[in-house]
Amino acid sequence: MSMTAILAKILLLGVVDSLGVWTAVGLVVAQRWGMLAGLVVGLLALNYAVLSKRAYPLRYLLPGLIPFCLMVVYPITVNMGVAFTNFGTGHRLTKEQVIDHFESRFYLPEDGERFTFQAFRDHEEDFIFLLVSKETGTTYLSAEGILEIVTLEDSRFVFDRGEIVQINGYYRLSRGELFRLLGQLQEIRLERNEEVIRLTSIREFRVYQQRYHYDREQGTLTDLKTGIIYTPIAGAFTSADGERLLPGFVVRIGFQNFLEIINNPHIARPFFRVFRWTFAFAALSVATTFVLGFSLAVLLNDPHLKMRHLYRTILIIPYAIPGFISILIWAGMLNVDFGIVNRILQDLFGTTIPWLHDPLWAKVAVVLVNLWLGFPYMMIICLGALQSIPSELYEAARIDGAGSWQRFRKVTFPLLLISIAPLLVGSFAFNFNNFNVIYLLTGGGPPIPGAMTPAGATDILISYTYNLAFGGVGAQYGFAAAISLIIFAIIATISAINFRFTRRLERISEGL
Amino acid sequence: MYSRHTLLGKIFRHLLVWAMIAFTIFPVIWIFSASINPGNTLFGLRFIPQVVTWNHYLDLFTNPLHPFGLWLWNSIKVSGTASLVTVFLTALGAYALSRFRFRGRRTGLLALLLIQMFPQMLAMVAIYLLLLSIGRYIPWLGLNTHAGLIMVYLGGAMGFNTWLMKSYFDTIPHDLEESAMVDGATHFQAFLRIILPLARPILAVIFILTFIGTYSDFLLPSILLTGTRQFTFAVGLRLFIQGQYATRWGIFAAACMLGAIPIMVVFLSLQRFLISGLTRGGVKG
Amino acid sequence: MKKFIALLLGFTMLFGLTGAVWASTPGVLTIWADATRAPILAGLSEAFTAEFGIPVEVHEVGFGDIRDRLGIAGPAGEGPDIIIGAHDWIGQLIADGLLEPILFLEDIRDQFVPVAIEAFSSGGRIYGLPYLTEAVGLIYNRDLVLVPPATFTEFIAIASALTDPEKGQFGFLSNIPQPDPYHAFPFISAFGGYVFGLDEEGVLDPRDIGLDNEGAIIGGHLILELITSGLLPVGTDYGAMTGLFNDGMVGMILTGPWAVRDIKAAGINYGIAPLPTIGGQAMRPFVGVHGFMVSAFSANKILAMTFLEEFIATKDTMLALYEADPRNPAFIPALDVVAADPDVVAWAANAAVGTPMPSIPEMGAVWTAWADALLLIVTEEVSPEDALRDAVMRIRAVIGYE
């Protein structure tokens, strides 16, 4: 490597490092320890990769690995954390936020005395207020935040056409000014004896009384109105007789979400049926899209075929339209009474098919629609992979006297399979979690008679998870995260097993 | 692999392709039909509506509340950048995995793929909060920025793509780079000057896949982007059909038709790269 | 390769500072509204900004996304000040501590339709400024139906006479078999079916579910008969119903005011009628109320309240909202102005016999189980008795009161 290249490298690394250190200081100040740890690990890896000879391959991998860790690995770890909490409806906020919520909740509207007001401001952006009680008619002036009773004869007041326009060098604020200053004014607290008075709207002040008080030493919340003491139990402030105050807060609950999955018979029972169909759906999807995509790729890779560029372009259209729209279109086309598909069947064969109402036909429909959605992907990767097959091999096969079918069978197909086998495994995993096509086409339906869980005939594990976590009482993120980990474990295991086969394939290819 | 066809063979092949095109294009005709239907319905009874209108198309470009042109441009920007960077990152990674032997290579490759299999839908909240935190320190990379969205897309750059690319690199003979390195080139130079040009077909494939994948994605951007002017095409499109009983199918279908054009353009212009690289030019029949 | 890098740089240069204000920021009001309301509000807000100098940012967020996104964005300090949504969200939003009660409404509550205030009330406080009420009714095509039916018998007679599948003409369509329990509720309620009963304090009691009582089962049979008698095709969904009606091929449809805009645009000579009575009993639809809510995590609570009090709760604004999207105003001074409109009268008559859609979080479990039961009934897989009974058992299992 040239001297300038080395210098450039060190300079660049220095810049990146100093930027990193600068950010790290910021993170220390903000006490974001998790982010700090991530940053330090990332910086160390970067330096190691650039400076160490042994880590040479890492230099190529790191640019891709950094966003991968940040945007894929990190959210998964967060998800793992969430799986052990009660995060969800009723338990969304942190404990601090909940305490703040209760402490800023007041007695209103009971006995809150109200005041109309006028606001005045001096040149130093300091405010005073003239308050008139709506109940007693008493006039108050705020001085240093404390109310004193005044009369309109007060010598400090300057009148103009019957209105007070100035007090002690403070000028009266117009309505427009008030509007713009509401953000500042909402923080103002005035005091009268023990009471706190604050702004409620542009028209009035009110006496506020705090209803709940949080005792930091005891960690309990007291309702000052009733005297009931609430202690934090399982993510909510709970009274001695079991009343739980809403909102609750997020707490760790150990393996509770996982135990719920195992112990609740309603959830566990349909699991294997759903799993079987998920597996079948994913396998069928991969098989059908691959066969079709591959056949088309072979057909359209043929240099003798006229208009093949145009054909290819037209055939990727299903891929060019966002999935959620084409699935909705398909749902309309497969409508049992009004859909075009049944209308054509009716005209041609005098019969119709209950596409989305019959469990079996609904399954056929999702596989068919998924084929429509997915074959262009397979076609494109096969087109790419076909280019990697060396022409010398064909020449050799031809010299050996192989016909075109034999060349296809002995050369094209096996070699192509080697390069795209991992993609097939990936595609299987993708379809295993293909929420969109199920949710938008059949909604998991048709439902199964007598089922005690929201698991329809075409529900796959991921849509079943969705139904369980978000189709019940509010949204249960912690529970969803727990199931997602289980699904992840399943699909990772299946894939790892699949890879034992592709590994064998790869050995062959490396021998080439 | 291919021989010249007899006339019958030719006709057969074209018929086969035409049958597939019919299957492909059928739903698209419905979308088009809805886009020129003055009623707001997706399920008219006729292919060609009684009254044909182009108002939905016009509305897309004239209604300032739906800056459709801007949405398209945003999408092209986001997908274009994400795809280019993805291709580069993937090529780098795949090169290392194909050419170097190091500890953890096999495991790493497997891990890359397995980790990608996590149902991303459920990681959304985490991604949202992560971008929120990042945005507090680096505003241009936070929520509601295209750079932030691209960064999330780059997270998925490795994984499946790396496998595809690595398999392709594996088939490129090593002696080409070796001779270059004998001539004094570094590994990196050999990668840039020898491998990348040879791998053009697969680079094109990954570009196309990433472009389309990000272009039609609505899940991520609908969570990360909130300003109407920041929307990508797919997110904007979803707005039209989100009201429970207030779907605007007409304008939605029109947007859908126009939105497919950039993908077509990208695919058409990259097709020429889908032909083998330098060493194996002519597969003469 | 050089070209590649040039291209890469080119793309990178395209990014300027793309961030914009979209979260609650002191001094700027941020509103989240769906596609229908956002344009109207954006227009109205300009007048507000011009008068008071306060910038208002209106963001279009999908109606179905507003509630869930507020739950994530609000506590993280990135949410809006004001959202527009439906009253049945408040159960979940209050349980999550996301809403601020709107105090000034207590002083002017008699300016609103009582059911609207009731719908937005919880625990003695009002959490939303209601602006419209809606309930399903009977929309009919005046060219096909001269006099709308007053009783269910008349209704069946008219529907049967008009139905001619050969011609593609239908007497009556509704998206009930989609399945859409919301549209099916009038059938269930006519004979005494209900979702949740009330406890002694008049609060909805999730332990008391009335979806499988005798009345609900009769209603289930009624729906089934519509299907089996050939009046209502089992494939009817919202798109088919409105699409065919707008083509002039349908006599009557059962749906709400949201469909009217397209019907008008299609030039159909339509009328709106109260739902027919069955055996002297009213078919009672769900009443939905939409309104403005203030986020508990707003940085501008007083400003947001003031905006609502001074600018939204006014006749002019409410009328402007009505003009842009004609659904019955919940604000009485505005309602009085449009009270002569026969559509308004008919919608009000339907809402008057209706019951507010339950807003407690347990409703989520009801919708899913009930929809499944409805589909099993209309596809004739399971009898209404069994389907509804199973559904209620399932709801109990999910919400934990077995």
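The values are calculated or read from the model by the stated rules, or taken from the named source; none is laboratory data. Predicted model only: the values in this text are computed from it and were never measured. Reconstructed Cβ throughout: ideal geometry from the backbone, glycine too, with neighbour counts over all protein chains shown. When the accessible area is computed, the model is the full protein with side chains, heavy atoms only, and any ligands, DNA or RNA have been set aside. Shrake-Rupley method; radii C 1.70, N 1.55, O 1.52, S 1.80 Å.
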Members of segment A:320-331 found to be of a type outside the set (A, V, I, L, M) and modelled with pLDDT of 85 or more, listed by number: A:SER326, A:TRP330
Taking the options A:PHE272, A:PHE255, A:PHE290, name whichever one is closer than 22 Å to A:VAL437 by Cα, more than 14 Å from chain C (Cβ to nearest Cβ) and open to solvent by 30 Å² or more (accessible area, probe 1.4 Å). A:PHE272
Listed residues C:LEU321, C:LEU275; which is aliphatic (A, V, I, L, M), under 23 Å from the mean Cα position of the chain (by Cα) and part of a loop (DSSP other than H, G, I, E, B)? C:LEU275
Given (1) facing another protein chain (nearest Cβ under 8 Å); (2) in contact (Cβ under 8 Å) with a residue 60 or more places away in the chain, B:SER35 misses just (1)
Output for Cβ contacts, cut-off 6 Å, separation at least six or different chains, first residue within 21 Å of A:ILE460 (Cα to Cα) in segment A:340-369, second among the hydrophobic types (A, V, I, L, M, F, W, C) and open to solvent by 60 Å² or more (accessible area, probe 1.4 Å), reads A:PRO354/A:TRP361; A:TRP355/A:TRP361; A:VAL367/A:LEU284
How about segment C:106-120: which of its residues are within 25 Å of C:TRP347 (Cβ to Cβ), within 13 Å of another protein chain (Cβ to nearest Cβ) and either touching a residue at least 60 places away in the same chain (Cβ under 8 Å) or not in a helix (DSSP H, G or I) (or both)? C:ILE108
Which condition number in (1) at pLDDT 85 or above; (2) surrounded by fewer than 19 Cβ atoms within 10 Å (Cβ to Cβ); (3) within 12 Å of another protein chain (Cβ to nearest Cβ) is the one that A:PHE279 fails? (3)
Leading residue by the ranking (most open to solvent (accessible area, probe 1.4 Å)) among those in segment A:293-328 that are free of Cβ contacts under 8 Å to residues at least 60 places away in the same chain and among the charged types (D, E, K, R): A:LYS306
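Quick grid of which residues meet (1) within 14 Å of chain B (Cβ to nearest Cβ); (2) more than 30 Å from A:ALA234 (Cβ to Cβ):
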{"residue": "A:LEU70", "(1), (2)": "yes, yes"}
{"residue": "A:THR77", "(1), (2)": "yes, no"}
{"residue": "A:GLU103", "(1), (2)": "no, no"}
{"residue": "A:GLU125", "(1), (2)": "no, yes"}
Within segment C:45-57, of all residues that are in a helix (DSSP H, G or I) and open to solvent by 30 Å² or more (accessible area, probe 1.4 Å), the one nearest to C:ASP316 (Cα to Cα) is C:ALA47
Go through segment B:109-119 and give me each residue that's more than 8 Å from every other protein chain (Cβ to nearest Cβ) and either touching a Ser or Thr at 6+ places or on another chain (Cβ under 8 Å) or buried (at least 19 other Cβ atoms within 10 Å of the Cβ) (or both). B:LEU109
In segment A:191-228, which residue that is assigned by TED's automatic domain parsing to the domain that holds A:GLU144 and among the acidic types (Asp, Glu) is nearest to A:SER142 (Cα to Cα)? A:GLU191
Does A:THR136 count as modelled with pLDDT of 85 or more and part of a loop (DSSP other than H, G, I, E, B)? yes
Please pick out the residue among B:PHE207, B:PHE233 that is at negative phi, more than 10 Å from chain A (Cβ to nearest Cβ) and crowded, with 17+ Cβ neighbours inside 10 Å. B:PHE207
What strands (runs of 3 or more DSSP E) completely inside segment C:191-271 contain at least 1 residues that are more than 10 Å from every other protein chain (Cβ to nearest Cβ), surrounded by fewer than 16 Cβ atoms within 10 Å (Cβ to Cβ) and of a type in the set (D, E, K, R)? C:204-209
Counting only residues that are open to solvent by 30 Å² or more (accessible area, probe 1.4 Å) and free of Cβ contacts under 8 Å to residues at least 60 places away in the same chain, which one in segment B:188-204 is nearest to the other protein chains (Cβ to nearest Cβ)? B:LEU192
Residue check: is A:ARG114 in contact (Cβ under 8 Å) with a residue 60 or more places away in the chain, at negative phi, open to solvent by 90 Å² or more (accessible area, probe 1.4 Å) and not β-branched (Val, Ile, Thr)? no
Filtering segment C:58-98 down to residues that are among the aliphatic types (A, V, I, L, M) and at the interface with chain A (Cβ under 9 Å from one of its Cβ atoms), which residue is surrounded by the most Cβ atoms within 10 Å (Cβ to Cβ)? C:LEU98
Could you list all residues from segment A:65-98 that are hydrophobic (A, V, I, L, M, F, W, C), open to solvent by less than 60 Å² (accessible area, probe 1.4 Å) and in a helix (DSSP H, G or I)? A:LEU65, A:PHE68, A:MET71, A:VAL72, A:VAL73, A:ILE76, A:VAL78, A:VAL82, A:VAL98
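Suppose the filter is open to solvent by less than 60 Å² (accessible area, probe 1.4 Å), within 25 Å of A:GLU96 (Cβ to Cβ) and in the same structural domain as A:HIS123 (by TED's automatic domain parsing); does A:GLY183 pass it? If you could, list the steps in order and put the result at the bottom.
Numbers: open to solvent by less than 60 Å² (accessible area, probe 1.4 Å): yes; within 25 Å of A:GLU96 (Cβ to Cβ): yes; in the same structural domain as A:HIS123 (by TED's automatic domain parsing): yes.
Here the answer is yes, as A:GLY183 does meet what is asked.
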In segment C:294-340, anything open to solvent by less than 10 Å² (accessible area, probe 1.4 Å) and in contact with a His (Cβ under 9 Å, 6 or more places away or on another chain) is listed as C:ALA330
Would you be able to say whether some residue in segment B:94-101 is in contact (Cβ under 8 Å) with a residue 60 or more places away in the chain and open to solvent by 10 Å² or more (accessible area, probe 1.4 Å)? yes
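Among the helices (runs of 4 or more DSSP H) contained in segment B:148-221, which hold 2 or more residues that are touching a Gly at 6+ places or on another chain (Cβ under 7 Å)?
B:160-170, B:200-215
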Residues that are without any contact (Cβ under 8 Å) to a residue 60 or more places away in the chain and within 15 Å of C:THR306 (Cα to Cα), drawn from segment A:201-221: A:SER201, A:ILE202
Which residues, taken from segment A:445-463, are within 13 Å of chain C (Cβ to nearest Cβ) and in a helix (DSSP H, G or I)? A:SER463
Residues of segment B:136-147 being at pLDDT below 90 and part of a helix (DSSP H, G or I), in sequence order, are B:ARG136, B:TYR137, B:PRO139, B:TRP140, B:LEU141
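State whether one or more residues within segment A:188-195 are among the polar types (S, T, N, Q) and either open to solvent by less than 80 Å² (accessible area, probe 1.4 Å) or within 14 Å of chain C (Cβ to nearest Cβ) (or both).
Looking through segment A:188-195, none of the residues is among the polar types (S, T, N, Q) and either open to solvent by less than 80 Å² (accessible area, probe 1.4 Å) or within 14 Å of chain C (Cβ to nearest Cβ) (or both).
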Condition first: within 10 Å of another protein chain (Cβ to nearest Cβ), more than 14 Å from A:THR278 (Cβ to Cβ) and open to solvent by 10 Å² or more (accessible area, probe 1.4 Å). Now tell me which residues in segment A:426-444 satisfy that. A:SER427, A:ASN436, A:GLY443
